[in-house]
1. Compare the peptides 322-328, 69-75, 41-47 by average per-residue count of other Cβ atoms within 10 angstrom and give them in order, highest first.
2. Run down the aspartates and glutamates and flag those whose C-alpha is under 15 Å from the C-alpha of K235, throwing out any fewer than 8 positions away in its chain.
3. Sticking to Cα atoms, compute the Rg of the chain to one decimal and its Dmax as the biggest Cα-Cα distance, whole number, in Å.
4. Using the Cα atoms as the points, what is the convex hull volume per residue of segment 238-278 in Å³?
5. I need the Debye-formula profile for segment 101-241: one equal scatterer per C-alpha, no solvent, reported as log10 I(q)/I(0) at q = 0.18, 0.20, 0.22 1/Å, two decimals.
6. How big is the Rg/Rh ratio for segment 140-181, C-alpha atoms only, Rh by Kirkwood, two decimals?
7. Which loop-located GluC sites (Glu not before Pro) does segment 263-360 contain, where loop means any DSSP state but H, G, I, E or B and the Cβ has at most 12 other Cβ atoms within 10 Å?
8. Select from P180, L143, M318 the residue farthest towards the positive end of the dipole of the chain; place +1 on Cβ of Lys and Arg, -1 on Cβ of Asp and Glu, and compute about the Cα centre.
Amino acid sequence: MKKLIFVFIFNIIIFSTSYAEHQYEEYSFDAFWKYEIKGSSDYYKFNSDLIEDKDVKKELKNKKKTRLVSYLLFEDNKIKIDEHDLPSYIKNNKGLMPSHSMGKSLVSYVTGYAICEGYIDNVNVKLDDWPILKGTLYEGQKLIDILNMQAGDQSFIGEKNHNSDNRIKDQRFLNVNTYPIKEIMELDILQTTKKSRPTYNYNALATNTVMNYTIFKVGDDYQKLLNKIFKDDAKIKNSVFFSKTIRKSFADKDKGEYGRYSFYADRYDYLRIAKSIMDHWNNDTCVGKYLKNIYEQRINKNKRSYDGDRSGQFDVAMYTKKYGGQFHFDIIGLTKRKILGMSGFGGQNIIIDFERERIIVINSRDRHYNWKKIALKKLKKN
């Protein structure tokens, strides 16, 4: 409890001065302990057949306005567009860039592996074997409903009613990404709130619940599982990281449910991971079947319009009709195509077109680039 109070006060100081400017601030990689997955000596080596793209070059040249820092287009089994202009703070941190909410999708990807490796039975299991959820509305719910963000938790968290994915009602400075899941679930509001009518309600607590349930089920093999996913199968070149909810001011813990979906990788390793996802789907592996299962069980976002954010900016999350297993599906105008989207704060996007075997990876400091020109236009190409 002392730790909870300390972090709560810390968040008041930090977020009261900087939360409104969060989309412009430089992320702090070293604030929290992490799960590290080291790169492979047998990393995947890309072939390239580069072309110049005027739209991408224009957005990158105007980076002070667009905030774009990196763009990759992969198709025909080659990198076709490779443009970047990384800020010094990213270069000085080995090129690592934050996933923001793209990490939600990677949590699902890890969960799929946990199912395929036998740690979790399937996506329809009920979460009735994890003591941390006792007394909360998440107890006994199906895994797929939490993956789909339709757990009926919109009365106290989520973008549907609270205009935030990580803040709990009446707890303005309590960010669910900075507290261990056990402490969140013990809050009075979590222990007393009943389940509302299930509907799509995008929020970070759902993802962190899935991530930590997977950690609970996998147990001592969790690091081994991460190594298989990213080092052995995706064949990353450099270390990638999942954050924990333990600040560096406290001692790290090897065991226990301290996962947080925030992920870090360099630009090429994001592409390697995306290619691994695409290969699983197209080769119909066990993990590929998991991805197809959550695609089939995707739900409507029930959005009234697709006009972008308040500034008229778009990304794949804002231009898709459905959500399934922490991924965005059904791009407007391309709903008949099986295209998977991953979206993160500030304009981070990974888009995988399975049928065209095309991947787009976008990293940015904010979402002011022309998404329709550098992403949607490329997807519409035959």
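1. Working: 322-328: 24.9, 69-75: 22.7, 41-47: 12.0.
Going from most to least packed, we get 322-328, 69-75, 41-47.
2. E36, D42, D266, D269, D279
3. 19.7, 58
4. Details: hull volume 4.1 nm³, N = 41.
It comes to 99 Å³ per residue, whole-number rounded.
5. Values, matching the q order: -1.03, -1.23, -1.42.
6. Dividing the radius of gyration by the Kirkwood radius yields 0.99.
7. Numbers: sites: E296, E355, E357; in loops: E355, E357.
Qualifying residues, ordered by number: E355.
8. M318
No lab work stands behind these numbers, since they all come straight from the coordinates. Not measured: the values here are computed from a predicted model. Ideal geometry is used to build each Cβ from the backbone, glycine not excepted, and the neighbour counts take in all protein chains shown.
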